[in-house]
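Visitor: Before we start, here is the structure in question, set down as structure tokens.
The values are calculated or read from the model by the stated rules, or taken from the named source; none is laboratory data. All figures in this text were calculated on a predicted structure; none of them were measured in a lab. All Cβ positions, even for glycine, are placed from backbone atoms using ideal geometry, and neighbour counts span all protein chains on display. Accessible surface is based on the protein model in full, side chains and every heavy atom, while ligands, DNA and RNA are left aside. Shrake-Rupley method; radii C 1.70, N 1.55, O 1.52, S 1.80 Å.
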Amino acid sequence: MLSQDFFNDEFLEERVDTFYGYGNYKGNYWFIGTEEAGGDFQNIEKRINIWSNRGRCEIDDVAEYHEAIGYGASFQPGAKAKLDVPVWRSIIRIVLSAKGTENIHIKDVREYQTNELGRKDKETCLLELLPLPSQSLKHWIYGEYSKLTFLSNRDTYENYCLEKRINHIAVIDWMRTPKSLLSNHFSKVFVSH
């Protein structure tokens, strides 16, 4: 492995300490997921570097961020792009149903994703219990590409940050009191926390 094949540990550490997700803390609808998807080393490095270049936000605008990393087609007005994030489709359907929309069509879902979902000044807040992108709960590359000891394996990482992050989200929830706090894909690994 070449020396440049390591993540910037300063960026990783700050992301672990400060990044919570997308949207608006004052939004009426909160969704808490395990972590956002990621790819290989290059994909994740790009995501982390762009997050850093965008100001290392605690909470970002999901469309603006995804446009910056090259995945913005689904957020373009009138886009015919496939809605390729099943979790987002489900979240959007839940919100539209909660708001009384009946007979939700793909056009409604696409319009909501384009204009509303996870936007910094809109009604949804998409939070992540874990701040680093990963392909799956079983996939862990950070131990191989980082010198930070708390990233040596997934268990150490979760022990390092879960309690702090859950407490932070609880404080924000208490201060903001959204109408609905919903979680998605909680894994049994988090039940004990």
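Visitor: Has the range 116-134 got at least one residue that is closer than 14 Å to TYR22 by Cα, surrounded by fewer than 15 Cβ atoms within 10 Å (Cβ to Cβ) and more than 14 Å from the chain's Cα centre (by Cα)?
Guide: Within the range 116-134, one or more residues are closer than 14 Å to TYR22 by Cα, surrounded by fewer than 15 Cβ atoms within 10 Å (Cβ to Cβ) and more than 14 Å from the chain's Cα centre (by Cα).
Visitor: Going by the conditions given, is PHE11 part of a helix (DSSP H, G or I), open to solvent by less than 60 Å² (accessible area, probe 1.4 Å) and in contact with a Ser or Thr (Cβ under 6 Å, 6 or more places away or on another chain)?
Guide: yes
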